[in-house]
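All of the numbers you see were taken from the coordinates with simple rules; none came from a lab. Just so it is clear, the model here is predicted, and its values are computed rather than measured. Backbone-built Cβ (ideal geometry, glycine too); neighbour counts: all protein chains shown.
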C-alpha cells in the first residue's frame, strides 16, 4: 500500500524527537538483566530441545573460549536486553549479529560479497540489540586473539561509529541505491579499512572454490553405476536410516513451492542421490540438520542443507506474533535483510518439525575475527558495522535511525562502554560453565579438528 509522501525533514524530526525521549547515552546500561539464569542453568535449559547425544559436543564447543560461549548464548543476552532503554525504532534484526556471523558468499553473477549470514533468530526488534551484540562480540574476539583492552574497545567503537555514519549516508541516498548496496572489495576501501583487503582477498579466493561440486568430490563416492553416497566422517557427518532419508526427500516437494517461480524448474531438474546428517555450528549444535546430495547434468552435483528452524530465542522478550512456520520466518527475514539471497532458499516440514532449505556451499567463506591483528580487527569492526546498517535500512527508514543516532559520538561511546562490560559478563559466564564441566555437572566432548 502506497502512503502519502512525507518530507525528509519531517522524518528526521521524528528521529530527533525519539532521541530526546531516550538519549543515546542511556544505552550504556547494566549488563545483567532481571531474572537472569546462571550460565549452567541457561545451558541446561537451552539443551532441552536438542538431540541428547549431541549435547556434550555443544558444551565442548562452548567451553573453548568466552567468545565461543557468547556465540552459543544469544538467548541469554536477549534476556539481559529485555528491559533496557529502547530507541522506539523497530527493524528486522538478525537477532544474533556477533562478529562471526558476517560472511562471504557468491551472487548469481559470481561476485563475492560480504553480508550478515545467519538468521536463525531473526524477528522484528530494536535495531540497537544487533549493534550491541556486534560490539560486545568484537571485544571478546579481540581478547581471544590477544589484542589489548584498548584495541578491543576501539574495534567495538569503530563498529558503532561505522554503523552511525553508514546509516547517515544511506539516509541521503535514493531508496533504490540504498536498497541494492552490496559490500565488496570496493566497499572496504571506501570505509578506510584497507588493512582488511588482504584478509578479504584470501577469504574470497577460498570462497570461490567452496562449491557443491567440490563438496561432492570430497565428501561422496560412487558406490555403483549412477549411484553416489556421502562418506561418513564421525561425529560430524553420518548416514541416516532409510525412513529418515525418505522423509527428508519427500519434504522437498513442498520446499519447491516456497521458491520464487523462476527457480522451481531449475531445482526439479535435479534428482536426489543421498541424504546424510551433519552437525552444525556452535549455536545450533544438537538441532537436526541434513545434507541432500542431488545430481544433475553428467558430473553436475548440488548439495542442499535442510536445517531445523526453532522459534527465535528473542521472541519471548519482544512483542511479536507467533509464526505459523519457523522456517518461513527465517527465510522471509533473510530475504528482507540480505542484499542478495541464495536463489534456492526456501522452507519445508519434516515429521512435523520446521526447516529451512538452502545451498550448503554457495561460494561461502568467512574471516575469523579472533585471528585478526589489532589494525585488522578495527577494520573488520568498521566493515561489520557498515554491513549491519545496510541490512537494517531495508526494513526501517534510515533517516529515522540516522536522526536518532545524531552526528556526535554519544551513542558510539555509550555502546562501547556497554560492550566492554558485557564482555566481562560473558567471560564470567564462561568460567562458570568451565567450572561445572570440571566438577562433572555437564558432559563435554572436545573435538579433534586437527
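Over the residues of the stretch 49-119, compute the C-alpha Rg and express it relative to 2.2 N^0.38 Å.
Numbers: Rg = 16.0 Å, N = 71, 2.2 N^0.38 = 11.1 Å.
Output field value: 1.44.
Could you check the spin-label model distance between residue 424 and residue 371? Points 7 Å from the Cα along Cα→Cβ, value in nm.
3.2
For the stretch 289-373, what does the alpha-carbon gyration tensor say about shape, rounded, prolate or oblate, given a ≥ b ≥ c as the root eigenvalues, a/c under 1.5 as rounded, and a/b over b/c as prolate?
Oblate shape, in that a/c is at least 1.5 and b/c is the bigger or equal ratio.
Applying 1/(1 + (r/R0)^6) with R0 = 51 Å to the Cβ-Cβ distance of residue 225 and residue 353, what FRET efficiency is obtained, to the nearest 0.05? Please list the in-between numbers first.
Details: r = 35 Å, r/R0 = 0.69.
Given R0 = 51 Å and the Cβ-Cβ separation, E is 0.90.
What area, in nm² and to one decimal, does the C-alpha convex hull of the stretch 212-359 cast on average over all directions?
Values: hull surface 39.6 nm².
Computing the convex hull of the Cα atoms and averaging its projections yields 9.9 nm².
Taking all pairs of different Cα atoms in the stretch 245-313, averaging 1/r and flipping that mean, what Kirkwood radius in angstroms comes out?
On the way: mean 1/r = 0.0751 Å⁻¹.
Result for the stretch 245-313, one decimal place: 13.3 Å.
Quote the FRET efficiency, to the nearest 0.05, computed for residue 172 versus residue 3 with a Förster distance R0 of 25 Å and r equal to the Cβ-Cβ distance. Walk me through the numbers on the way to the answer.
Working: r = 20 Å, r/R0 = 0.82.
It comes to 0.75.
I need the fraction of alpha carbon pairs in the stretch 1-99 separated by more than 20 Å, rounded to a whole percent. Numbers along the way, then the final one.
Numbers: 2750 of 4851 pairs.
Within the stretch 1-99, distances greater than 20 Å cover 57 percent of Cα pairs.
Between the stretch 73-152 and the stretch 201-222, what is the separation of their alpha carbon centroids in Å?
27
Between residue 237 and residue 439, what is 0.36 nm times their sequence separation minus the Cα-Cα distance? Round to one decimal in nm. Don't jump to the answer; show the numbers that get you there.
Working: separation 202, 0.36 × 202 = 72.72 nm, distance 3.02 nm.
In short, 69.7 nm is gained.
Tell me, what is the percent relative contact order of the chain, built from C-alpha pairs under 8 Å that lie six or more residues apart? Walk me through the numbers on the way to the answer.
Details: 838 pairs, mean separation 145.3, N = 450.
Computed value for the chain: 32 percent relative contact order.
Using only the Cα atoms, what convex hull volume per residue in Å³ does the chain have? Numbers along the way, then the final one.
Values: hull volume 66.8 nm³, N = 450.
In the chain, the Cα hull volume divided by residue count equals 148 Å³.
From the square roots a ≥ b ≥ c of the eigenvalues of the alpha-carbon gyration tensor of the stretch 394-447, which class results: rounded (a/c under 1.5), prolate (a/b over b/c), or oblate? Intermediate results must be reported in sequence, preceding the final value.
Working: a/c = 5.93, a/b = 2.63, b/c = 2.26.
Prolate shape, in that a/c is at least 1.5 and a/b is the bigger ratio.
If each DSSP helix of 4+ residues adds -39,500 (n - 2.57) and the sum is divided by the residues in the chain, what number results at 222 nm, nearest 500 deg cm²/dmol?
Values: 17 runs with 209 residues, N = 450.
Value at 222 nm, helices only: -14500 deg cm²/dmol.
Kirkwood-based Rg over Rh for the stretch 1-41 (C-alpha set), two decimals?
Values: Rg = 18.5 Å, Rh = 14.1 Å.
Reported Rg/Rh, Kirkwood definition of Rh: 1.32.
State, to one decimal in nm, how far the label point of residue 217 lies from the label point of residue 447, with both points 7 Å from Cα in the Cβ direction.
In this crude label model, residue 217 to residue 447 measures out at 2.4 nm.
Considering every Cα-Cα pair within the stretch 231-275, what fraction, in whole percent, is farther apart than 11 Å? Let's see the in-between values first.
Details: 709 of 990 pairs.
For the stretch 231-275, the fraction of Cα-Cα distances above 11 Å is 72 percent.
Compute the Cα gyration tensor for the stretch 318-423, then decide on rounded, prolate or oblate, letting a ≥ b ≥ c be the square roots of its eigenvalues: rounded whenever a/c is under 1.5, prolate when a/b is larger than b/c in the other cases, and oblate in all that remain.
On the way: a/c = 2.11, a/b = 1.51, b/c = 1.40.
Prolate.
May I ask you to compute the full-extension gain from residue 83 to residue 250, defined as 0.36 nm times their residue separation minus their alpha-carbon distance, rounded to one decimal in nm?
Numbers: separation 167, 0.36 × 167 = 60.12 nm, distance 4.37 nm.
Full extension from residue 83 to residue 250 adds 55.7 nm.
Taking the Cα-to-Cβ direction at residue 272 and at residue 13 and moving 7 Å from each Cα, how far apart do the two end points lie in nm?
5.9
Report the residues of the stretch 332-364 in range of a label on residue 209: point 7 Å along Cα→C-beta, backbone N strictly under 15 Å from it.
363-364
At 0.36 nm per residue, minus the direct Cα-Cα distance, what do residue 408 and residue 109 gain on full extension? Give it in nm, one decimal, please. Let's see the in-between values first.
Numbers: separation 299, 0.36 × 299 = 107.64 nm, distance 3.90 nm.
Between residue 408 and residue 109, full extension yields an extra 103.7 nm.
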